[in-house]
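Reviewing the structure listed below.
The values are calculated or read from the model by the stated rules, or taken from the named source; none is laboratory data. In this text the structure is predicted, and so the values were computed from the model without any measurement. Here Cβ is always computed from backbone atoms with ideal geometry, including for glycine, and neighbour counts include all displayed protein chains.
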Amino acid sequence: MTRFTPLLFALAALGTAATAQERIETAPVETADAFAQAARSATGLPDPLPLVAGIEAADNGVWACASCHGDQGQGTQNVPRLAGLPAGYIAKQLHDYREGTREDGNMRFVADQLSEDEILALALYYEKLDTAPSSRAELGGDLERGRKLALRGDWEVDLPSCFSCHGGSGWGVGQSFPPIAGQQPAYTHEQLAAWQGETRRNSPLGLMHSVARSMSDADMRAVADYLATLPPPQPADTSR
C-alpha cells in the first residue's frame, strides 16, 4: 500500500501536463524523493542516449556522460558508477552541483547545460541500467577493518556502520541513501574526504559529515576497498 505524504500529494496535484521545471519548483522541498516523483510522473522526456553516447549527437554541446562514466555507467577510478543509482538521487546530485553544495568544476559545467527534462531522463536511464561489476580493491586498505566498519561500525570512535543507513547489502535505501556496494573505491574515498573537509555539503541531515569526521584516512581506504569487492545492486524495479 502506498504511503501518501504531503510531498506526494503536492507532486500528484501538479499533473502530468506540468513541465519538469514546474514540477520541481512547486515541490515543497527539493529532496531526492521529490525528484524521483517528478521523474516518474513526467511525460515526453527526451531520449537520453545522445547525452550518454557522445557530444556530436547532443544539441546543447554537453559532454557525453560515457566519456567519463563509461559506456555502461560503470565508472572508473575516481569517477563513480552510475548504473543502478536511484533516479531521485542522481537528479538531486546534478542540482547540487549547480548550487555548489557539491564541488566539481566539470560536473558543474555539465549540470548547468542540462535542462530539467534532460536531468530526469538521464536519471531514469541510469537507474534502470544493468551493468556488470567493474570495481576492485585498489587503495591498499585493510579489508577486514573495512568489513567491520561496513557491518558493525566502531563505536569507540562514534562511527556507525555503513549498512545501518545504506542497507544490509550496501544496495541503498530509498532515494536519499544510495548504493555503495560495487562503487569505485577511489571515488568512495574521495567523497569521504570531501565530506570531512566540507567541500561536499549535501548529506541528508549532515549524516555523512559526522561519519567522515570520525574516520581516519586508513579507515576511509579500508571501507572503500571493502565495498568495492561487493556485488553492485540490481537495476531498480520501477514498475510498482
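How about the stretch 63-89: which of its residues are among the hydroxyl-bearing types (Ser, Thr, Tyr) and either modelled with pLDDT of 95 or more or not in a helix (DSSP H, G or I) (or both)?
Start the filter on the stretch 63-89 by keeping residues that are among the hydroxyl-bearing types (Ser, Thr, Tyr), which leaves 67, 76, 89.
Of everything in the stretch 63-89, those that are among the hydroxyl-bearing types (Ser, Thr, Tyr) and either modelled with pLDDT of 95 or more or not in a helix (DSSP H, G or I) (or both) turn out to be THR76, TYR89.
What are the residues in the stretch 146-159 that are surrounded by fewer than 20 Cβ atoms within 10 Å (Cβ to Cβ) and in contact with a strand residue (DSSP E or B) (Cβ under 9 Å, 6 or more places away or on another chain), if any?
Answer for the stretch 146-159, where residues must be surrounded by fewer than 20 Cβ atoms within 10 Å (Cβ to Cβ) and in contact with a strand residue (DSSP E or B) (Cβ under 9 Å, 6 or more places away or on another chain): LYS148, GLY153.
Got at least one residue in the stretch 136-154 being among the charged types (D, E, K, R), more than 17 Å from PRO232 (Cβ to Cβ) and in contact with a Ser or Thr (Cβ under 7 Å, 6 or more places away or on another chain)?
yes
Across the stretch 184-202, which residue is nearest to LEU85 (Cα to Cα) among those that are touching a helix residue (DSSP H, G or I) at 6+ places or on another chain (Cβ under 6 Å) and not in a helix (DSSP H, G or I)?
ASN202
Go through the stretch 148-183 and count every residue that is of a type in the set (A, V, I, L, M), touching a helix residue (DSSP H, G or I) at 6+ places or on another chain (Cβ under 8 Å) and in a helix (DSSP H, G or I).
As a first pass, look at the stretch 148-183 and keep what is of a type in the set (A, V, I, L, M): 149-151, 157, 159, 173, 180-181.
Of the ones still in play, those that are also touching a helix residue (DSSP H, G or I) at 6+ places or on another chain (Cβ under 8 Å) are 149-151, 159, 173, 180-181.
Cutting the leftovers down to in a helix (DSSP H, G or I) gives us 149-151.
Residues in the stretch 148-183 being of a type in the set (A, V, I, L, M), touching a helix residue (DSSP H, G or I) at 6+ places or on another chain (Cβ under 8 Å) and in a helix (DSSP H, G or I): 3 in total.
Looking at (1) part of a helix (DSSP H, G or I); (2) over 27 Å from ALA222 (Cα atoms); (3) touching a Leu at 6+ places or on another chain (Cβ under 8 Å), which is the only condition ASP112 fails?
(3)
In the set PRO178, PRO235, which member is closer than 21 Å to ASP33 by Cα and surrounded by fewer than 20 Cβ atoms within 10 Å (Cβ to Cβ)? So that I can check it myself, show each step before the final result.
Values: PRO178 fails: surrounded by fewer than 20 Cβ atoms within 10 Å (Cβ to Cβ).
On inspection, the qualifying residue turns out to be PRO235.
Can you tell me which residue is surrounded by the most Cβ atoms within 10 Å (Cβ to Cβ) among those in the stretch 79-103 that are touching a residue at least 60 places away in the same chain (Cβ under 8 Å) and out of contact with any Asp or Glu (no Cβ under 8 Å at 6 or more places or on another chain)? Show your work before the answer.
Within the stretch 79-103, the subset touching a residue at least 60 places away in the same chain (Cβ under 8 Å) is 79-81, 83-89, 92-93, 95-96, 101-103.
After this cut, where a residue has to be out of contact with any Asp or Glu (no Cβ under 8 Å at 6 or more places or on another chain) as well, the list is 79-81, 89, 93, 96, 101, 103.
Values: VAL79: 17, PRO80: 22, ARG81: 29, TYR89: 22, GLN93: 23, ASP96: 19, THR101: 15, GLU103: 14.
Checked the stretch 79-103; the qualifying residue surrounded by the most Cβ atoms within 10 Å (Cβ to Cβ) is ARG81.
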